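Values quoted throughout were computed directly from the atomic coordinates according to the rules given, and no laboratory measurement underlies them. Predicted, not measured: the structure shown is a model, and the values here were computed from it. Neighbour counts are summed over all protein chains in view; Cβ atoms, including those assigned to glycine, are modelled from backbone coordinates with ideal geometry.
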């Protein structure tokens with residue numbers, strides 16, 4: 001029965017070639033010489049993770065820590081595909097409803113537990129346990145029916161409907177494999193830390209809250225994916241990540257040699273790095289959705305497509321980005337980030353930066369009068385749109401950007417953009433009560449389709465435009481149902497054409513990026529393929 | 001016997017203050033917009049299923065009064081609950097951060113008071129006073145954040161004399177302690193100097209001088225005692241400065257401590273941690289005020305007689 005099902009699935013089967021090799025984009029190493037083993041490194045990071053349990057992962061800024069000690073079944077290559085990691089390959093059967101993974105048989109967790117199909121099942125069972133990881137259960141695993149241990153080296157995922165995003169989940173931190181023994185034994189399971197054992201090239205052995213986290217090399221490690229840069233154990237003996245929240249302090253610590261690498265260098269501090277001949281600066285564009293303004297179409301004024309178009313035309317995005325980010329930001333033209341294989345390049349230059357057209361559109365939409373302060377009005381009501389930002393989640397100077405946009409749209413088209421930066425509770429209340437017209441967001445999902453499902457599906461968990469479009473839902477379903485890259489690309493292109501082009505539901509602003517600055521003695525630093533965030537420390541070395 | 005009653009009365013009053021602080025904080029968090037589920041979800045995915053699981057996990061479906069009474073009951077038994085955000089027992093979260101903050105607070109308080117005493121006594125000449133009070137005014141009005149960054153860039157980034165971050169030995173404590181001590185020293189010096197000026201004009205100063213005491217002895221042995229009284233009363237203020245300052249100093253210097261815990265707990269509405277911090281602060285405040293009262297007894301013999 002099982003054999004025949006697998007054979008029948010041969011059409012849809014995708015089998016990995018272990019030789020499939022896509023090199024990691026290196027950003028440092030010219031001055032660091034050939035890789036050397038040994039030594040230690042101190043890396044100052046901006047964000048202290050709220051949890052070290054990969055299943056609970058929710059901060060893209062914590063991703064570089066996760067992969068030091070945990071690994072997933074697959075990993076992303078740099079072309080939108082997947083490479084074997086703890087799995088050696090997979091087959092798709094039953095019309096995309098069954099994914100069967102062959103697992104490596106030479107892998108052990110750092111606590112001595114063997115990695116096998118039962119371990120994979122134990123991880124999924126844990127994720128589905130009530131109250132443990134509700135977000136993962138409700139989003140990434142919503143189409144999962146069951147997990148079947150076929151034999152110790154084979155595990156099958158049965159789905160309720162075809163869902164290629166399963167592969168994205170199984171290459172994500174939430175899908176990382178944790179030793180089943182430590183899952184049972186941990187006293188603070190959801191917080192993670194030294195209690196949880198993984199299979200990664202490093203072992204988390206010390207965490208001082210508010211200060212640093214320390215990893216030591218896993219000497220038994222010998223199962224790096226093909227794009228990791230080398231094989232065998234990691235180069236570094238140990239690595240310390242120090243939490244320094246102030247960017248100027250991180251930069252100062254680097255320039256004075258107290259740390260060798262820093263992550264998170266805002267535009268205002270980048271000149272200090274580039275002016276120093278002993279340091280390098282590199283940037284990686286993140287995956288997922290671009291940082292965009294979403295228009296709330298459930299009530300006036302943005303229920304009128306002309307007003308949405310007018311808002312976009314009223315704004316010269318390049319000018320405001322240059323003003324706020326001093327030329328370090330990459331303009332976005334679509335809701336999908338420019339590094340995604342689904343990105344629709346044809347949208348570039350098709351809208352925006354045309355104040356004259358904006359004014360004509362607003363006149364046509366009935367917002368033809370002006371009040372004493374120069375804002376447009378209709379039937380005595382001012383053209384006011386509200387953007388509510390939650391203070392704990394404001395980053396990348398997005399509050400400053402909002403103020404700049406506020407000034408720009410007022411000047412060019414008489415639109416009153418009201419920006420308020422409030423606490424999380426007030427922000428959530430504004431969203432639930434539908435007291436907003438603009439919603440800002442960027443998502444760091446590695447598969448842009450996952451972000452679009454949340455943002456655009458009529459029942460999406462972050463659908464703030466209020467769009468309920470059956471055709472759009474069908475397209476999103478189509479993009480999720482197939483593993484065929486060309487079909488997926490066609491579906492997501494069509495979605496972007498509708499959402500960004502035709503319906504102007506969204507105003508894409510910039511593609512978020514991450515920055516690494518390092519002493520030139522450090523080699524092997526890179527950004528993770530697809531995700532575009534700083535890579536883990538597996539391939540990093542320090543010149544002696 | 002009277003002593004025992006006095007101590008008991010103090011203890012009961014302290015407990016009432018703790019209860020009031022916890023209740024006030026609880027009510028404030030309850031009144032803040034958005035409910036607990038909202039703050040746990042943050043800016044992530046939000047579906048009914050996710051919500052119901054969170055509600056079940058933290059027992060948020062009970063009426064607020066029941067949750068409050070349950071909290072009090074467990075707190076009275078030493079169980080402060082689990083952090084919504086960090087998923088660890090609050091006792092651990094707070095426990096491991098108390099010592100780094102305490103170390104910082106003690107060092108800065110000591111340094112600040114010492115500096116203030118020295119400055120107030122030594123800068124009696126008109127020109128020294130002028131220079132000193134200008135500096136004090138600048139220190140009091142400069143945000144600690146700025147002082148920290150300036151000290152860091154000079155002594156850590158440029159001269160490499162002290163490490164930038166962490167709770168790693170004495171050297172790492174110097175810059176944060178100095179940063180926090182300077183504004184304290186600034187204000188205390190002004191208060192002390194003012195007290196000294198007044199005391200030196202009192203008749204007893206004249207009497208002391210007439211007995212042939214040297215001016216420095218009059219200053220230190222007699223006038224300083226009087227000047228200390230208003231300064232001791234400032235202990236409560238000092239505590240506020242230390243706690244508030246710790247939030248910023250720990251952030252700038254990458255130090256572990258209660259300040260950082262408080263900041264993240266407040267911004268994410270992590271109720272159990274916020275409540276614990278409030279109760280802890282109230283407890284310390286009660287202790288400090290008691291200590292201040294006792295210190296006043298030592299400084300001022302008149303109080304002992306009554």
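Normalising by the residue count of the stretch A:215-368, find the relative contact order in percent from Cα pairs under 8 Å and 6+ residues apart.
Averaging sequence separation for qualifying contacts and normalising by length gives 18 percent for the stretch A:215-368.
Which angle from 0 to 90°, rounded to the nearest 10, does the C-alpha axis of helix A:485-496 make with the longest principal axis of chain A?
Around 30 degrees separate the two axes.
For the pair residue B:233 and residue B:146, what calculated FRET efficiency results from E = 1/(1 + (r/R0)^6), where r is the Cβ-Cβ distance and R0 = 30 Å, to the nearest 0.05?
0.60
Helix B:271-299 against the longest principal axis of chain B: what's the angle in degrees, Cα atoms only, rounded to the nearest 10?
20 degrees
Calculated FRET efficiency, residue B:64 and residue B:267, Cβ-Cβ r, R0 22 Å, to nearest 0.05?
0.50
For residue B:297 and residue B:6 in one chain, what is 0.36 nm times their gap in residues minus the Cα-Cα distance, to one decimal in nm?
Stretched out fully, the residue B:297 to residue B:6 stretch lengthens by 103.3 nm.
Which stretch or stretches of the stretch B:71-104 have amide N atoms under 13 Å from the point lying 7 Å from residue B:171's Cα along the Cα→Cβ direction?
Those under the cut-off are none; the list is empty.
Among A:326-333, B:285-292, how do they line up by average Cβ neighbours within 10 Å per residue, starting with the highest?
A:326-333, B:285-292
What ranking do B:57, A:528, B:202, B:250 get, fewest neighbouring Cβ atoms within 10 angstrom at the top?
The order, fewest Cβ neighbours first, is B:202, B:57, A:528, B:250.
Modelled label-to-label distance, residue B:207 and residue A:474, 7 Å Cα→beta-carbon offset: nm?
Result for the modelled spin labels: 10.2 nm.
Output the Cα-based Rg and Dmax of the stretch A:168-245 in Å, rounding Rg to one decimal and Dmax to a whole number.
When restricted to the Cα atoms of the stretch A:168-245, Rg and Dmax are 13.7, 36 Å.
With a 10 Å radius around each residue's Cβ, average the other Cβ atoms per peptide and rank B:123-134, B:79-90, highest first.
B:79-90, B:123-134
Using 0.36 nm per residue of separation minus the Cα-Cα distance, give me the extension gain between residue A:395 and residue A:435 in nm, one decimal.
Answer, rounded to one decimal: 12.1 nm.
Once the Cα atoms of helix B:2-31 and of chain B are each reduced to a long axis, what angle between those two axes, in degrees from 0 to 90 to the nearest 10, is obtained?
In chain B, helix B:2-31 runs at an angle near 50 degrees to the longest axis.
Once label points are set 7 Å from the Cα along Cα→Cβ at both residue B:106 and residue B:288, what is their separation, rounded to one decimal in nm?
Distance between label points: 1.6 nm.
Among B:121, A:438, which comes first, second and so on when ranked by fewest other beta-carbon atoms within 10 Å?
Fewest-to-most ranking of B:121, A:438: B:121, A:438.
Rounded to the nearest 500 deg cm²/dmol, what is the calculated helix-only ellipticity per residue at 222 nm for chain A, with -39500 (n - 2.57) per DSSP H run of length n ≥ 4?
About -7500 deg cm²/dmol.
With each label point set 7 Å from Cα along the Cα-Cβ vector, what nm distance links residue A:106 and residue A:145?
Rounded to a tenth, the inter-label distance reads 3.6 nm.
In nm², what is the average projected area of the convex hull enclosing the Cα atoms of the protein assembly as shown?
Convex hull of Cα atoms, orientation-averaged projection: 43.4 nm².
Quantify how strongly other chains surround peptide B:81-88 by giving the mean number of their Cβ atoms within 10 Å of each of its Cβ atoms.
Counting Cβ atoms of other protein chains within 10 Å of each residue's Cβ and averaging gives 4.
Averaged across orientations, what area in nm² does the convex hull of the alpha carbons in the stretch A:393-438 project?
Taking a quarter of the hull surface, the average projection is 3.4 nm².
Cα extents of the stretch A:29-129 along the three principal axes, largest first, in whole Å?
For the stretch A:29-129, the Cα spread along each principal axis is 51, 33, 31 Å.
Between the stretch B:118-164 and the stretch A:172-246, what is the C-alpha centre distance in whole Å?
43 Å
Summarise the partner chain shielding of A:238-248 as one whole number: the mean count of Cβ atoms from other chains within 10 Å of each residue's Cβ.
4
Mean separation of Cα pairs under 8 Å and 6+ residues apart, divided by the residue count of chain A: what relative contact order is that in percent?
In percent, rounded to a whole number, it is 22.
Taking the Cα of residue B:133, stepping 7 Å toward and past its beta carbon, and measuring to each backbone N in the stretch B:195-235: which are under 14 Å?
What the label zone holds, given the 14 Å backbone N cut-off, is B:195-198.
Would you list B:226, A:299 from fewest to most Cβ contacts within 10 Å?
Starting with the residue having the fewest Cβ neighbours, the order is A:299, B:226.
Taking 22 Å as R0, compute the FRET efficiency from the Cβ-Cβ separation of residue A:37 and residue A:205 and round it to 0.05.
After rounding to 0.05, the efficiency reads 0.70.
Per residue of A:132-140, how many C-beta atoms from partner chains lie within 10 Å of its own C-beta, taken as a mean?
For this peptide, the per-residue mean of nearby foreign Cβ atoms is 5.
Quick check on chain B: take the gyration tensor over C-alpha atoms, sort the square-rooted eigenvalues as a ≥ b ≥ c, and tell me if it's rounded (a/c under 1.5), prolate or oblate.
oblate
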